[in-house]
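Everything below concerns the one structure shown next.
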Amino acid sequence: MKLVRDLPVLFLFVSSLTSCQVIRGSQRAVEVPERVLVEATQVKADATPLEKINAGAIEQTTLTTSYDPSYVKLDYPNGDVAPNTGVCADVVVRAFRKAGIDLQKELHEDMKRNFAKYPQKWGARGPDTNIDHRRAPNLMTWFDRQGKAQPVTKDAKDYLPGDVVSWQLDNGLPHIGMVSKIKVEGSDRYAIVHNIGLGARIEDVLFAWKITGHYRYFEQKQNAKDRQKD
């Protein structure tokens with residue numbers, strides 16, 4: 001992997017606002033047939049929130065084609081940048097909104113009551129609805145505070161579709177993404193949906209970097225059944 005070196009200094013500066021780092025690509029893309037991709041983005045009328053999140057994550061790979069960490073004034077609640085762009089945290093926020101959970105609002109309300117519990121590395125003096133939910137460390141803190149943290153292991157079977165995973169990249173910066181329902185061919189790993197510089201992509205990167213967080217918002221009732229099959 002290479003850091004983008006030909007970007008203007010200003011762009012590299014604003015990337016620090018979200019803590020995500022622009023990378024040229026992981027070279028671990030998972031090829032998904034068009035038919036499978038379309039099916040993976042569709043949900044039935046009576047779909048569960050977990051099913052909606054899973055579909056919402058994968059749908060972004062057909063919409064979000066670029067990466068832009070610029071600070072943008074957003075609507076509140078349900079504010080978002082243009083769907084064709086975003087940062088790593090936006091993948092998680094957009095997927096959860098498909099299930100009716102607005103992390104912009106949820107995180108902001110918790111930060112208003114507990115601002116000191118959240119990272120202070122950006123020099124903010126108070127909550128900011130435009131950027132707080134777009135910072136990976138803030139999302140990690142929110143999931144922790146909701147009691148949704150799961151063990152961090154090196155066993156792929158512990159990471160299920162809909163789980164949120166955070167990493168420390170090789171350059172030391174944080175990154176965040178979602179476990180998809182697409183299996184990596186020839187393995188027991190699910191591919192990850194994330195945006196690390198070239199838009200939302202499905203890639204085999206679960207163990208590409210040091211995992212710093214593992215979160216499961218919805219209980220996955222199929223766990224026992226799936227493990228019996230293994």
Practice item. For the pairs K44/K154; K181/K210; K52/K183; K154/K181; K98/K157, note any where the Cα-Cα span goes beyond 29 Å. Key: K44/K154
**Study point:** Overall dimensions of the stretch 85-230 by Cα: Rg and Dmax, Å
**Key:** 15.4, 51
Study note, to complete from the structure: Expressed to one decimal in nm², the mean projection of the alpha carbon convex hull of the stretch 81-165 is 6.5 nm²
**Study point:** Measure of compaction for the stretch 27-91 (Cα Rg per 2.2 N^0.38 Å)
**Key:** 1.29
Revision key, fill the gap. Interchain or sequence-distant (5+) residues whose placed amide H lies within less than 5 Å of the amide H of A191 are S180, I182, K183, V184
Check your understanding: Charges only on Cβ, +1 for Lys and Arg, -1 for Asp and Glu: so what's the dipole of the stretch 25-88 about the Cα centre, in debye to the nearest 20?
Key -> 100 debye
**Study point:** For the stretch 61-118, alpha-carbon Rg relative to the globular expectation (2.2 N^0.38 Å, N residues)
**Key:** 1.20
Check your understanding: When Lys and Arg each count +1 and Asp and Glu each count -1, what net charge do the other residues less than 14 Å away from K52, Cβ to Cβ, add up to?
Key -> +1
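No lab work stands behind these numbers, since they all come straight from the coordinates. Everything numeric here is computed off the predicted structure, so don't read it as measured data. Neighbour counts run over all protein chains shown; Cβ positions are idealised from the backbone, glycine included.
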